[in-house]
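The values are calculated or read from the model by the stated rules, or taken from the named source; none is laboratory data. Only a predicted model underlies this, so the values are computations on that prediction, with no experimental measurement involved. So basically every Cβ, Gly included, is an ideal-geometry build from the backbone, and we count neighbours across all protein chains shown. Accessible surface is based on the protein model in full, side chains and every heavy atom, while ligands, DNA and RNA are left aside. Shrake-Rupley method; radii C 1.70, N 1.55, O 1.52, S 1.80 Å.
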Amino acid sequence: QVQLVESGGGLVQPGGSLRLSCAASGRIFSISSMGWYRQALGKQRELVAAWTSGGRTNYADSVKGRFTVSRDNAKNTVYLQMDSLKPEDTAVYYCNARLITSGSVFFNDYWGQGTQVTVSS
């Protein structure tokens with residue numbers, strides 16, 4: 001019913017930049033929030049950055065000042081601009097959307113397939 005398609009991961013040197021994109025498609029009625037999580041090897045999945053329909057953005061303390069989340073409402077797309085990348089940013093990054101599909105009354109969480117970001121020299 002709903003698909004989240006991510007792009008933009010890869011290998012980058014410390015101090016470099018990457019931009020991730022995630023487009024949601026399907027029978028979407030309303031999106032409550034959309035953003036990015038990450039999971040490093042051997043660690044739990046954690047919130048990186050997200051925006052809410054109220055216009056608020058949330059960032060993990062570890063990425064504040066370096067990462068920027070933005071959105072294109074018309075395209076149901078969220079972006080993550082990652083600057084000044086560090087080796088500890090290495091992880092699989094997952095797109096998340098909390099939304100209501102057409103004909104439903106409940107918000108549900110949907111996830112992308114994940115994209116690998118590796119920061120290494």
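Over the stretch 6-121, the pair-distance histogram of Cα-Cα distances with 10 Å bins from zero comes to 14, 48, 28, 9, 1 percent, rounded to whole numbers. With θ taken as phi - 60° and the Karplus curve 6.51 cos²θ - 1.76 cosθ + 1.60 applied, the whole-hertz 3J(HN,Hα) list for the stretch 87-93 is x, 6, 7, 4, 4, 8, 9 Hz, x standing for glycine and proline. Highest mobility in the GNM of the chain, judged by mean-square fluctuation with C-alpha springs under 10 Å and restricted to SER30, SER84, SER104, is found for SER104. Net charge within 13 Å of ASP83 by Cβ-Cβ distance, Lys/Arg positive one each and Asp/Glu negative one each, not counting ASP83 itself? Residues near ASP83 contribute +3 overall. Counting Lys and Arg as +1 and Asp and Glu as -1 over every other residue whose Cβ lies under 14 Å from the Cβ of SER70, the net charge comes to +2.
For the stretch 65-121, carbon and sulfur atoms together expose 47% of the accessible surface, with a 1.4 angstrom probe and every protein chain in place.
Only protein heavy atoms count here; on that basis, with a 1.4 Å probe, ASP83 has an accessible area of about 50 Å². In the elastic network of the chain, a GNM with C-alpha springs shorter than 10 Å, the most mobile of ALA97, ALA74, ALA23 is ALA74. Positive contributions from Lys and Arg (+1) and negative ones from Asp and Glu (-1), summed over other residues with Cβ under 14 Å from the Cβ of LYS43, come out at -1. Amide H contacts of LEU85 (H built 1.01 Å from N, in plane; Pro and chain starts excluded): GLY15, GLY16 sit under 5 Å, all sequence-distant by 5 or more or on other chains. Looking at the stretch 31-89, the accessible area is 55 square angstrom per residue; that uses a 1.4 Å probe and ignores ligands, DNA and RNA.
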